[in-house]
Amino acid sequence: MTGWDLLDRLTSSFPPITMMLILAAVLVAVVIFIVGFSRHGISFLKYGFKQMALDSSLERRFDSMEAKFSEIKTELATIKTNHFGHLKGFLTELTSILLDKEIINNTDKTRLDNQLRDM
């Protein structure tokens, strides 16, 4: 017995109206598969029609994210500048205290101040 014999036996066991409905459902499924496969390719088998196409709304999202990243970058640069400014002030004050306590001499303080000024 071949597959065609099995299909013939299956189709003859159903009434004609039921077979018409099954045939219509199969044709609709084939059309949906052809349309989906032509639009999305092999990934249609995995994701179906839930895939997002790259359209203008997605591009707008990327543009807004890029703007946010540039704002964050600017803010980090400001924090970095302020942080090192405070650090330089602290180190200058520390060298002055070390000079007052006679732990370092004027030559060492001048050398340290020159290093801080170059930063």
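The values are calculated or read from the model by the stated rules, or taken from the named source; none is laboratory data. Note that the structure is predicted; figures quoted are calculated from it, not measured. Here the Cβ positions follow ideal geometry from the backbone for every residue, glycine too, while neighbour counts run over all protein chains shown.
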Restricting segment 91-100 to residues that are surrounded by 11 or more Cβ atoms within 10 Å (Cβ to Cβ) and not β-branched (V, I, T), which is nearest to L116 (Cα to Cα)? L91
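For residues that are out of contact with any His (no Cβ under 6 Å at 6 or more places or on another chain) and surrounded by 10 or more Cβ atoms within 10 Å (Cβ to Cβ), scanning just segment 43-56, find the one that is modelled with the lowest pLDDT.
Taking the candidates together, the pick is F49.
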What tally of residues in segment 3-40 results from selecting those that are surrounded by 10 or more Cβ atoms within 10 Å (Cβ to Cβ) and part of a loop (DSSP other than H, G, I, E, B)? 1
Scan segment 79-103 for residues that are modelled with pLDDT of 80 or more and either among the β-branched types (V, I, T) or in contact with a Lys or Arg (Cβ under 7 Å, 6 or more places away or on another chain) (or both) and jot them down. T92, T95, I97, L99, I103
Search result, residues across segment 98-117 that are aliphatic (A, V, I, L, M) and within 50 Å of the chain's Cα centre (by Cα): L112, L116
